[in-house]
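Q: Have a look at the structure that comes next, please.
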Amino acid sequence: MLAKTLFRTPDISQHLRLGSILLLPREKTRVNMEVFVARSRLTLILSLLALLSLSFRSSSSLPSSPSELQILTAERRIDLASHIIRVVLTLKVQNDGASPASNVLLAFPPPQVKHLALIQAAEITGKKKKKAVHPLDVKPSDHTDGPNGAKFFSISLRNPLTSGGSVSVEVSYILTQSLEPFPVEISQSEPQLVLYRDSSSILSPYAIKQQTTVIRTPSTKVESFTRVEPSSQIRTELKYGPYVDQSPYSFTPILIHFENNNPFAVVEELVREIEISHWGNLQITEHYTLVHNGAKHKGGFSRVEYQSRPSISGVSSFKHLVAKLPPRVHSVYYRDNIGNISTSHLRTSYSKSELEIEPRYPLLGGWKATFVIGYGLPLQDFLFESNDGKRYLNFTFGCPIAETVVNKITNKVVLPEGSKNPSAVVPFSVDNRAETKYTYLDIVGRPVVVLEKENVVPEHNSHFQVYYDFHPMFMLAEPLMLTSVFFFLFVAAVAYLHMDISIRK
Amino acid sequence: MKALIDSEISRAHTKPHIRGFRRPLMAVPVDGIIKQSTPSSSLRFAFGNVLAFFILLLIGVLAFSIRLFSVIKYESVIHEFDPYFNYRVTQFLTKNGIYDFWNWFDDRTWYPLGRVIGGTVYPGLTLTAGTIWKVLHSLNIPLSVETVCVFTAPVFSAFAAWAAYLLTKEVKGTGAGLTAAVLLAMVPSYISRSVAGSYDNEAVAIFALIFTFYLYIKTLNTGSLFYATLNSISYFYMVCSWGGYTFIINLIPMHVLLCIVTGRYSSRLYIAYAPLVVLGTLLAALVPVVGFNAVMTSEHFASFLVFIVIHVVALAYYIKGMLSPKMFKVAATLVISVGLVVCIGVVAVLVAVVASSPTKGWSGRSLSLLDPTYASKYIPIIASVSEHQPPTWPSYFMDINVLAFLVPAGIIACFSPLSDASSFVILYLVMSVYFSGVMVRLMLVFAPAACIMSGIALSEAFDVCTRSIKYYISKLSESLQTDAGDIVPGNNTSPQSDVIKTDKKDDLLKERPSRKNKKKEKENIEKPSVKSKTEKRPLVLPVEASIFALFLIILLAAFYVIHSVWAAAEAYSAPSIVLTSHSHDGLHVFDDFREAYAWLSHNTEVDDKVASWWDYGYQTTAMANRTVIVDNNTWNNTHIATVGTAMSSPEKDAWQIFNSLDVKYVLVVFGGLVGYPSDDINKFLWMVRIGGGVFPHIKEPDYLRDGQYRIDSQATPTMLNSLMYKLSYFRFVETDGGKGYDRVRRTEIGKKYFKLTHFEEVFTTHHWMVRIYKLKPQRNRIRGKTKKSKSKTTSATPRSGTTKRNPWH
């Protein structure tokens, strides 16, 4: 029963805070102080309770196997510089049990699981110069009986950890949309402040001997942060710990309130259409619905202030984005449904192309914009033939715009008419569908492989492959059709001219 | 090769004069006899027709491609104001189908009244583009609606050029037809309305207009009921497309009347006219926007009157044929005396009925056609549109260029000889010159007439000059070769029998027999034909003069081409929603309108109402998809006057008017920062005038200083306190460090620092061209501050007077 309240603790404190502030918005500073005091007291009590409860439950509630492992040292680095939160967790795991362990479990509180975009793990061997990284497989674990609905991910080790042995594992994961703007609405002249919630100690099903957490903020402007001693702020870094001998599932909610004026560029929906033409072109059309997901803009927008004082007016807004396109890109266009958008620059070089785009208007908090980017690419850079005679397209999956989160991406690979047996190989889990598309002079339609994924971050920009069978004769179908139409047209004309269909002679 | 083409044209020329008389009689033998003199003609016609076909094809390509400057220089986008509405309607049509289209009640515009689109729009253009789109999609060619709309106008201008060819060919032959077609393909006046992206009714309607005229002339020349039916259908298409159809339904009766008066009545005239009136009126009444207007408004009365007249005349001719001359005379006097009495009675009733209606049965636009000063006197909303102003002389030169000088020559050419067809063309020209003088927009109707006339003139002049040169050459060669004459007559007679057969089918069967005979004939018989012609027409100029004249004509034509290309590229291809300017550091693009519309469409609620001057109504609904109060379909003058009143009222009153209309955003166009001249301050006089026309508390003199609208320090307080001034210049002074220099009016503004109490700036575009303000919510009544509220109640007494001014209370 007690354990159930565990993860709710930050919520309660939040309610208290928000409630009090909303009641008396004008006397904010005083309330802040009060709340701060109240909150720290509250959290202290609650964490104590939590610890107590955990020590009660540790033997009974947990699955038997993990308890045999323990973590010797854990270091967590949380990067809050942009709106995409990147966390690197370095664990040194030791097996205290008798039987060898092949899996290491990671635990996440439910709110984080919802926003977890990507999780990767690697085993580190050697030190300093001889350091080698071996990627490990991470899967959502079927353990469902964590306290308060904590979710588990299981890392499969390369070699089962023998009794007494230890291994270094580096886990990196990415959280999206976990920075909560506060105040929720800001005016043009205000900076954007956000809240980040986490625990000062690492949530783990194992006991941790020693751990530290380092949180990097984008600037030194940190309004407040929960102090869990020992904790300190050194320039742009907040350091929690080192804490020693933390029992499993210890969780001390912390709240960091800091200034983050980075563009919170979120693509709500991205539909990419990748059309293969065996005549040598790959045509990509990307439909974006872009939104500024930071603090909502409140009140008017004054152009004169925006233009004359860019450093203090609309600091959290963004004007332009950079899309990294493949090299040798051609016929790039950038438009929306009412025509071309003239504010874009394309820089091409040997290794990459950069398209700098400006939406029609600067995006302040909560403002939206839609647009389409289209470009052509030489086919030979992306289409290959595999050993078994199949053709395959090798293309990047994610959104080409830097530092954006895509809530939902739909990649549609339009294969040429007449291709068969399409199959997709994607390095992560996606929803896969098949469609048929009819475009210029199609008769049977083109098979379309639709790949959908939610919560996509730039790290998803890895390659995926679509395999299919295609006979080159189909390339000639449309030219032949056109020529035959004209041929019959002329034949008909000749026949008509040689016929005499008049009644009168 | 050049000479060959010339001779082809000149040859083709002589034929239709004869044809005009020959056709209705179906006089086959006569045909052959006439043709005997030119035995080589069948081959030459065969070749000439192929040549003419390719020339026409090239003319079509020319007409299409000269209009693509806008796409190449700017982008493939819908232009200006009205095309955006048409585009929006087309989108609706393609999305929802034809039945929903007819029943479409648009609640996005004229809030809170709305507008029945299906019943108030000329559907021709929309249906055309919608059909093209549908056909393309059924062929799996997935062009977007926008692309189809953008390219509809250039495609139809190619059709219009071909229609002009057909029409002029009926009047003066192939040569004149080709010349007229090529002139029409690039006449600047028509280009101005049909560049790619200019998706407006006129683009399609001009084709329909010319084609209807062609079919009328064709019916008149042939007396074929088939063409008469086609003519009605073509007229129906014209009615669908444009309100200018009344020009047709008045011009054709006039021509019929002219023919009757000049004693040119024939059964062909009857066939050309009667079916058009009956079928055409029935079909026209099918178009919802016309409906019963086709029989009830004065614009159509002329056609019915002439319809009666032509029947009386036909009856008279019929009776004349039945009775002996003496009996006919008696009958005539009897009928005329009785008929006169009846007529007077009918006319009296008619006049009484017409006079009882307030506008005398004429719509305002038509009245302003008859009386050019009508609109500026009575209807400011018509006068406020620049395209409804009378044109200036430079605009004639800009729009039809050298054609203005060629037209008189064309008229003279039409008089020799005067046929039914050529009299029609003359009448068309005269009427359209008048109308173009009334309204600059109707220059568009005048342009085809000018092209046809100039085509006739040019080809006639060309004809004379080349004939003279050829005559000179033939004389020269005759004097050199004495025995040349012996060979010629031999060739002249041999293929006679073939030729008779050939020429009979010539028009009906597209020159097929002549193709068969191609091998039999040879191409060496130029001289005799020239000879025979020179015998027929003795007009031969001295060779030096004709060479010089030829040179001048080509120079003139070249000048016209250069001007047209310039006009197409520079003057008429700007889409007006994107502006560009060339400065020393390259091209600068002003895309502020779309910036504002995109902002509105993405960052306001779907049901928010946006108030702006009516010019931007269509664009706001089409691009921003927001409800507007007034738009370019200026059907409700009171509503527009309400917006005009709000714009010219002080802030508080304006807020009340807008609030009562549920308006959430107010959009103004302001050019003072970048020097964009057609902004709302320059249109402000019309807001005052139209507003003042309905709500008399807006008085124009309050805004005037020395008879001018001024915004500088001399401006009147009413002007400086008006909403338009405030919204335009709010915080403008901060842009240039305290001067507030307006680059359009070229002056410093009068009132520099002021605050807005009831409006809040929510968006201003990059170059300040569009500024959007939000109505502030009504302030809460604050409890406990009795003193202030007391002072407010005292100050509220004059305000209660102002609230009465609000027309919505």
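The values are calculated or read from the model by the stated rules, or taken from the named source; none is laboratory data. Because the structure is predicted, anything quoted here is derived from the model rather than measured. Note that we place each Cβ from the backbone using ideal geometry, even for glycine, and neighbour counts take in every protein chain shown.
Q: Any idea how many residues of segment B:220-243 are over 24 Å from the mean Cα position of the chain (by Cα), surrounded by fewer than 24 Cβ atoms within 10 Å (Cβ to Cβ) and hydrophobic (A, V, I, L, M, F, W, C)?
A: Qualifying residue count, segment B:220-243: 2.
Matching residues to (1) over 29 Å from residue A:113 (Cβ atoms); (2) in contact (Cβ under 8 Å) with a residue 24 or more places away in the chain:
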{"residue": "A:393", "(1), (2)": "yes, yes"}
{"residue": "A:445", "(1), (2)": "yes, yes"}
{"residue": "A:460", "(1), (2)": "no, yes"}
{"residue": "A:468", "(1), (2)": "yes, yes"}
{"residue": "A:479", "(1), (2)": "yes, no"}
{"residue": "A:485", "(1), (2)": "yes, no"}
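Q: May I pose another question? Which ranges mark the strands (runs of 3 or more DSSP E) fully within segment A:314-374 that have 2 or more residues being within 14 Å of chain B (Cβ to nearest Cβ) and either without any contact (Cβ under 8 Å) to a residue 60 or more places away in the chain or under 21 Å from the mean Cα position of the chain (by Cα) (or both)? Working first, answer last.
A: Numbers: elements: A:321-325, A:330-336, A:344-348, A:353-357.
In segment A:314-374, the matching strands (runs of 3 or more DSSP E) lie at A:330-336, A:344-348.
Q: What number of residues within segment B:694-712 are touching a residue at least 24 places away in the same chain (Cβ under 8 Å) and closer than 17 Å to residue B:682 by Cα? Break it down into steps so the answer makes sense when it comes.
A: Of the residues in segment B:694-712, the ones touching a residue at least 24 places away in the same chain (Cβ under 8 Å) are B:694-695, B:697-698, B:703, B:709-712.
Checking which are closer than 17 Å to residue B:682 by Cα leaves us with B:703, B:709-712.
Total satisfying the criteria: 5.
Q: Residues of segment A:384-404 being modelled with pLDDT of 90 or more and among the aliphatic types (A, V, I, L, M), which ones?
A: Answer for segment A:384-404, where residues must be modelled with pLDDT of 90 or more and among the aliphatic types (A, V, I, L, M): just A:393.
Q: Within segment B:712-738, which residues are farther than 21 Å from residue B:652 by Cβ, within 14 Å of chain A (Cβ to nearest Cβ) and assigned to a loop (DSSP other than H, G, I, E, B)?
A: Step one: filter segment B:712-738 for residues farther than 21 Å from residue B:652 by Cβ, giving B:712-714, B:732-738.
Next, from what is left, pick out any that are within 14 Å of chain A (Cβ to nearest Cβ): B:732-738.
If the condition is that a residue be farther than 21 Å from residue B:652 by Cβ, within 14 Å of chain A (Cβ to nearest Cβ) and assigned to a loop (DSSP other than H, G, I, E, B), then B:737, B:738 are the ones that fit.
Q: State whether the residues of segment B:466-480 include one that is at pLDDT 90 or above, polar (S, T, N, Q) and buried (at least 17 other Cβ atoms within 10 Å of the Cβ).
A: No, there is no match, as no residue in segment B:466-480 is at pLDDT 90 or above, polar (S, T, N, Q) and buried (at least 17 other Cβ atoms within 10 Å of the Cβ).
Q: If we scan segment A:225-247, do we find a residue that is more than 14 Å from every other protein chain (Cβ to nearest Cβ), within 30 Å of residue A:394 (Cβ to Cβ) and either modelled with pLDDT under 85 or buried (at least 16 other Cβ atoms within 10 Å of the Cβ) (or both)?
A: The initial filter retains those residues of segment A:225-247 that are more than 14 Å from every other protein chain (Cβ to nearest Cβ), namely A:225-247.
Next, only the ones that are within 30 Å of residue A:394 (Cβ to Cβ) stay: none.
Scanning segment A:225-247 turns up no residue that is more than 14 Å from every other protein chain (Cβ to nearest Cβ), within 30 Å of residue A:394 (Cβ to Cβ) and either modelled with pLDDT under 85 or buried (at least 16 other Cβ atoms within 10 Å of the Cβ) (or both).
Q: Could you list, in sequence order, all residues of segment A:415-427 that are surrounded by 12 or more Cβ atoms within 10 Å (Cβ to Cβ) and either within 12 Å of chain B (Cβ to nearest Cβ) or under 29 Å from the mean Cα position of the chain (by Cα) (or both)?
A: A:415, A:417, A:422, A:423, A:424, A:426, listed by residue number.
Residues checked against (1) outside any helix (DSSP H, G or I); (2) away from every other protein chain (no Cβ under 14 Å):
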| residue | (1), (2) |
| --- | --- |
| B:54 | no, yes |
| B:58 | no, yes |
| B:72 | no, no |
| B:75 | yes, no |
| B:78 | yes, no |
| B:89 | no, yes |
| B:94 | no, yes |
| B:99 | no, yes |
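Q: Could I ask something else about it? Of the numbered conditions (1) over 30 Å from residue B:613 (Cα atoms); (2) in contact with a Gly (Cβ under 9 Å, 6 or more places away or on another chain); (3) of a type in the set (S, T, N, Q), residue B:131 satisfies every one except a single condition; which is it?
A: Answer for residue B:131: the failing condition is (2).
Q: Can you tell me which residues in segment B:120-140 are within 14 Å of chain A (Cβ to nearest Cβ) and exposed (fewer than 14 other Cβ atoms within 10 Å of the Cβ)?
A: Here is the first cut: in segment B:120-140, the residues within 14 Å of chain A (Cβ to nearest Cβ) are B:135-140.
Matches in segment B:120-140: B:135, B:138, B:139.
Q: Could you check, for segment A:150-171, whether at least one of its residues is modelled with pLDDT under 85, hydroxyl-bearing (Ser, Thr, Tyr) and in contact with a helix residue (DSSP H, G or I) (Cβ under 9 Å, 6 or more places away or on another chain)?
A: Yes, some residue in segment A:150-171 is modelled with pLDDT under 85, hydroxyl-bearing (Ser, Thr, Tyr) and in contact with a helix residue (DSSP H, G or I) (Cβ under 9 Å, 6 or more places away or on another chain).
Q: Got at least one residue in segment A:200-207 being touching a helix residue (DSSP H, G or I) at 6+ places or on another chain (Cβ under 7 Å) and aromatic (Phe, Trp, Tyr)? If you could, list the steps in order and put the result at the bottom.
A: We begin by selecting, within segment A:200-207, every residue touching a helix residue (DSSP H, G or I) at 6+ places or on another chain (Cβ under 7 Å); these are A:205-206.
With the extra rule that they be aromatic (Phe, Trp, Tyr), the set shrinks to A:206.
Yes, because at least one residue in segment A:200-207 is touching a helix residue (DSSP H, G or I) at 6+ places or on another chain (Cβ under 7 Å) and aromatic (Phe, Trp, Tyr).
Q: Also, I was wondering about something else. With respect to residue B:655, determine if the residue is within 29 Å of residue B:748 (Cα to Cα), surrounded by fewer than 24 Cβ atoms within 10 Å (Cβ to Cβ) and at pLDDT 90 or above. Spell out how you get there, then give the answer.
A: Details: within 29 Å of residue B:748 (Cα to Cα): yes; surrounded by fewer than 24 Cβ atoms within 10 Å (Cβ to Cβ): yes; at pLDDT 90 or above: yes.
Yes.
Q: Determine, yes or no, whether residue B:294 is within 21 Å of residue B:209 (Cα to Cα), assigned to a helix (DSSP H, G or I), at pLDDT 85 or above and among the small types (Gly, Ala, Ser). First the steps, then the outcome.
A: On the way: within 21 Å of residue B:209 (Cα to Cα): yes; assigned to a helix (DSSP H, G or I): yes; at pLDDT 85 or above: yes; among the small types (Gly, Ala, Ser): yes.
Here the answer is yes, as residue B:294 does meet what is asked.
Q: Can you find even one residue in segment A:288-297 that is within 14 Å of chain B (Cβ to nearest Cβ), surrounded by 21 or more Cβ atoms within 10 Å (Cβ to Cβ) and aromatic (Phe, Trp, Tyr)?
A: Yes; the residues of segment A:288-297 include at least one that is within 14 Å of chain B (Cβ to nearest Cβ), surrounded by 21 or more Cβ atoms within 10 Å (Cβ to Cβ) and aromatic (Phe, Trp, Tyr).
Q: Now, a different point. Limited to segment B:582-592, what total is found for residues that are surrounded by fewer than 22 Cβ atoms within 10 Å (Cβ to Cβ) and within 13 Å of chain A (Cβ to nearest Cβ)?
A: So the count comes out to 5.
Q: I'd like to know if segment B:163-180 contains one or more residues that are under 23 Å from residue B:91 (Cβ atoms) and in contact with a Lys or Arg (Cβ under 7 Å, 6 or more places away or on another chain).
A: Filtering segment B:163-180 for residues under 23 Å from residue B:91 (Cβ atoms) gives none.
For segment B:163-180, residues under 23 Å from residue B:91 (Cβ atoms) and in contact with a Lys or Arg (Cβ under 7 Å, 6 or more places away or on another chain): absent.
Q: Conditions first: (1) surrounded by 14 or more Cβ atoms within 10 Å (Cβ to Cβ); (2) under 29 Å from the mean Cα position of the chain (by Cα). Residue A:220 passes all but one, so which condition is the exception?
A: That leaves (1) as the condition not met.
Q: Out of A:477, A:495, which single residue is surrounded by 14 or more Cβ atoms within 10 Å (Cβ to Cβ) and either within 14 Å of chain B (Cβ to nearest Cβ) or not charged (D, E, K, R) (or both)? Let's see the steps before the verdict.
A: Details: A:495 fails: surrounded by 14 or more Cβ atoms within 10 Å (Cβ to Cβ).
Matching residue, one of A:477, A:495: A:477.
Q: Looking at segment B:139-150, is at least one residue more than 30 Å from residue B:640 (Cβ to Cβ) and assigned to a helix (DSSP H, G or I)?
A: Keep residues of segment B:139-150 that are more than 30 Å from residue B:640 (Cβ to Cβ), which gives B:139-144, B:147-148.
If we keep only those that are assigned to a helix (DSSP H, G or I) as well, we get B:147-148.
Yes: one or more hits.
Q: Across segment A:395-416, what is the number of residues that are part of a strand (DSSP E or B) and either under 22 Å from residue A:291 (Cα atoms) or without any contact (Cβ under 8 Å) to a residue 12 or more places away in the chain (or both)?
A: To start, the set of residues in segment A:395-416 that are part of a strand (DSSP E or B) comprises A:395-396, A:401, A:405-414.
From what is left, the residues that are either under 22 Å from residue A:291 (Cα atoms) or without any contact (Cβ under 8 Å) to a residue 12 or more places away in the chain (or both) are A:401, A:405-411.
So the answer is 8.
Q: Need pairs with beta-carbon distance below 8 Å; first residue under 12 Å from residue A:202 (Cα atoms) and within segment A:83-112, second in a helix (DSSP H, G or I); sequence gap 6+ or separate chains.
A: Between residues of segment A:83-112 that are under 12 Å from residue A:202 (Cα atoms) and residues that are in a helix (DSSP H, G or I), the close pairs are A:109/A:7; A:109/A:148.
Q: If you don't mind, another one. Has segment A:484-503 got any residue that is within 30 Å of residue A:290 (Cβ to Cβ) and either among the acidic types (Asp, Glu) or under 29 Å from the mean Cα position of the chain (by Cα) (or both)?
A: Step one: of segment A:484-503, the residues within 30 Å of residue A:290 (Cβ to Cβ) are none.
No, because not a single residue in segment A:484-503 is within 30 Å of residue A:290 (Cβ to Cβ) and either among the acidic types (Asp, Glu) or under 29 Å from the mean Cα position of the chain (by Cα) (or both).
Q: If you go through segment B:735-768 one residue at a time, how many are among the hydrophobic types (A, V, I, L, M, F, W, C) and under 39 Å from the mean Cα position of the chain (by Cα)?
A: Of segment B:735-768, the ones among the hydrophobic types (A, V, I, L, M, F, W, C) are B:744, B:749, B:754, B:756, B:759, B:762-763, B:768.
Still in the running and under 39 Å from the mean Cα position of the chain (by Cα): B:744, B:763, B:768.
Going through segment B:735-768 one residue at a time, the tally reaches 3.
Q: Just wondering, is there one or more residues in segment B:552-575 that are within 14 Å of another protein chain (Cβ to nearest Cβ) and either part of a helix (DSSP H, G or I) or of a type outside the set (Ser, Thr, Tyr) (or both)?
A: Residues of segment B:552-575 within 14 Å of another protein chain (Cβ to nearest Cβ): B:574-575.
Now restrict to residues that are either part of a helix (DSSP H, G or I) or of a type outside the set (Ser, Thr, Tyr) (or both): B:574-575.
Yes, that holds for at least one residue.
Q: Could you tell me whether residue A:393 is under 25 Å from the mean Cα position of the chain (by Cα), aliphatic (A, V, I, L, M), more than 14 Å from chain B (Cβ to nearest Cβ) and more than 30 Å from residue B:91 (Cα to Cα)? Steps first, please.
A: Working: under 25 Å from the mean Cα position of the chain (by Cα): yes; aliphatic (A, V, I, L, M): yes; more than 14 Å from chain B (Cβ to nearest Cβ): yes; more than 30 Å from residue B:91 (Cα to Cα): yes.
Yes.
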